[in-house]
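Report on the structure given below.
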Amino acid sequence: MPFVFTSKSASWHCFSSWLVDIGFCNFTFFRLTKVNQTKIGSLGTKMSNRVVCREASHAGSWYSASGSQLNAQLEGWLSKAESSTRPARAIIAPHAGYTYCGACAAYAYKQVDPSVTRRVFILGPSHHVPLSRCALSPAEIYRTPLYDLRIDQKVYADLWKTGLFERMSLQTDEDEHSIEMHLPYTAKAMESHKDEFSIVPVLVGALSESKEQEYGKLLSKYLADPSNLFIISSDFCHWGQRFRYTYYDESQGEIHRSIEHLDKMAVAELRKSGSEMNFSFLNYAQSSECRNWQDSSVSYAAGALIAH
């Protein structure tokens with residue numbers, strides 16, 4: 001979609017649609033793994049007086065389950081990142097294991113200002129269930145090895161009333177990594193105000209352009225509020241035969257250079273965001289450097305959006 005805005009209100013609408021587009025990984029430059037054909041679960045009935053918690057299901061594999069060890073790792077990565085575009089209204093960061101992308105993601109989270117942020121929207125793409133709309137979690141609490149994060153039930157109720165959202169099962173929620181990988185970093189970035197903010201996790205699927213516009217319009221009022229932060233969970237190029245994507249521009253040199261060029265073309269599109277907002281590209285990494293057709297890699301990028 002074009003990033004040309006004619007008014008401030010149009011800017012928020014169009015840019016939030018753009019954020020949704022990124023959240024659903026519909027850019028030509030981004031390649032996600034194929035979604036497994038399993039059905040999305042139903043919500044089920046909540047037991048009286050029982051708080052539904054989503055466990056940190058990827059702790060101990062994708063990142064450390066030890067709170068002290070995880071805290072030290074996050075502090076180490078954040079200490080090496082610069083705070084150049086703070087406070088961010090939205091950030092883009094990867095959702096791979098921290099061994100691969102933890103250092104890169106730090107550059108995005110360094111731009112978060114906990115003193116002004118009171119609500120954190122986390123948009124993550126669905127990897128395991130076919131989904132043509134957005135889905136909300138059945139949980140009230142998301143656990144992390146650092147501390148628990150509270151879901152904003154008022155915003156959830158408002159979103160549900162629109163009729164645009166599905167409910168995922170707790171199992172679906174815990175199987176998915178695209179949202180969870182942002183929870184420890186969110187907790188760390190917000191720790192100085194940990195009792196003063198809530199989260200709004202949204203699982204997103206393969207949307208039509210009209211659906212992207214519809215969700216963009218809905219989310220625009222939240223994006224316009226400076227107390228809200230949007231986290232867009234997205235890896236960049238997935239290259240290799242196992243991803244069924246092997247585009248190679250020989251003029252760029254080795255394969256990994258061609259991949260980097262492709263990713264930077266995507267970043268250039270993100271920067272065409274209009275006069276009301278400015279997108280800053282902060283860091284870039286690849287899981288490995290591809291040099292032959294048997295290699296594969298996933299690209300990671302960190303970026304931040306500043307609203308004027």
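The values are calculated or read from the model by the stated rules, or taken from the named source; none is laboratory data. Since we're looking at a predicted model, the values are computed, not measured. With ideal geometry, Cβ positions are generated from the backbone for all residues, glycine too; neighbour counts draw on all protein chains shown.
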I need the full set of residues from the range 181-197 which are buried (at least 16 other Cβ atoms within 10 Å of the Cβ) and either outside any loop (DSSP other than H, G, I, E, B) or touching a Pro at 6+ places or on another chain (Cβ under 6 Å) (or both), in order please.
Met181, His182, Leu183, Pro184, Tyr185, Thr186, Ala187, Lys188, Ala189, Met190
I'd like to know if the range 94-107 contains one or more residues that are buried (at least 21 other Cβ atoms within 10 Å of the Cβ), within 22 Å of Ser220 (Cβ to Cβ), of a type in the set (A, V, I, L, M) and within 15 Å of the chain's Cα centre (by Cα).
no
When residues of the range 235-287 are limited to those that are at pLDDT 95 or above, among the small types (Gly, Ala, Ser) and touching a Ser or Thr at 6+ places or on another chain (Cβ under 9 Å), the one farthest from His95 (Cα to Cα)
Ser251
Just name the residue that is surrounded by the fewest Cβ atoms within 10 Å (Cβ to Cβ) out of those in the range 71-90 that are touching a strand residue (DSSP E or B) at 6+ places or on another chain (Cβ under 6 Å) and not charged (D, E, K, R).
Thr85
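Let's see how each residue does on (1) within 26 Å of Phe281 (Cβ to Cβ); (2) among the aliphatic types (A, V, I, L, M); (3) in contact with a helix residue (DSSP H, G or I) (Cβ under 9 Å, 6 or more places away or on another chain):
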residue	(1), (2), (3)
Cys104	yes, no, yes
Ile122	yes, yes, yes
His127	yes, no, yes
Leu136	no, yes, yes
Arg143	no, no, yes
Thr162	no, no, yes
Met190	yes, yes, no
Asp195	no, no, no
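Yes/no per residue for (1) surrounded by fewer than 18 Cβ atoms within 10 Å (Cβ to Cβ); (2) outside any loop (DSSP other than H, G, I, E, B):
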| residue | (1), (2) |
| --- | --- |
| Ile199 | no, yes |
| Val202 | no, yes |
| Ser220 | no, yes |
| Tyr247 | yes, no |
| Ile259 | no, yes |
| Ala266 | no, yes |
| Glu269 | yes, yes |
For the range 124-135, state whether one or more residues are modelled with pLDDT of 95 or more, crowded, with 19+ Cβ neighbours inside 10 Å and under 23 Å from Ala307 (Cα atoms).
yes
Out of (1) outside any loop (DSSP other than H, G, I, E, B); (2) surrounded by 20 or more Cβ atoms within 10 Å (Cβ to Cβ); (3) touching a residue at least 60 places away in the same chain (Cβ under 8 Å); (4) not aromatic (Phe, Trp, Tyr), what's the single condition that is false for Ser178?
(1)
Being assigned to a helix (DSSP H, G or I) and hydrophobic (A, V, I, L, M, F, W, C): is that true of Ile232 here?
no
The range 68-81 residues that are more than 16 Å from Thr99 (Cβ to Cβ), paired with ones that are modelled with pLDDT of 95 or more (beta carbon under 6 Å, 6 or more apart):
Leu78/Ala106; Leu78/Lys110; Ala81/Ala106; Ala81/Tyr107; Ala81/Lys110
Residue pairs meeting the criteria (Cβ under 6 Å; at least 6 apart or on separate chains; first of a type in the set (Val, Ile, Thr), in the range 243-272; second buried (at least 18 other Cβ atoms within 10 Å of the Cβ)):
Ile255/Cys290; Ile259/Cys237; Ile259/Trp239; Val267/Phe281
Flag if Trp62 is hydrophobic (A, V, I, L, M, F, W, C), in contact with a helix residue (DSSP H, G or I) (Cβ under 9 Å, 6 or more places away or on another chain) and either buried (at least 23 other Cβ atoms within 10 Å of the Cβ) or touching a residue at least 40 places away in the same chain (Cβ under 8 Å) (or both)
yes
Test of understanding: among Gly97, Gly60, Gly102, which residue is over 20 Å from Val298 (Cα atoms) and of a type outside the set (A, V, I, L, M)?
Gly60
Can you name the condition, by its number, that Val35 falls short on among (1) modelled with pLDDT under 95; (2) closer than 21 Å to Met190 by Cα; (3) of a type in the set (Val, Ile, Thr)?
(2)
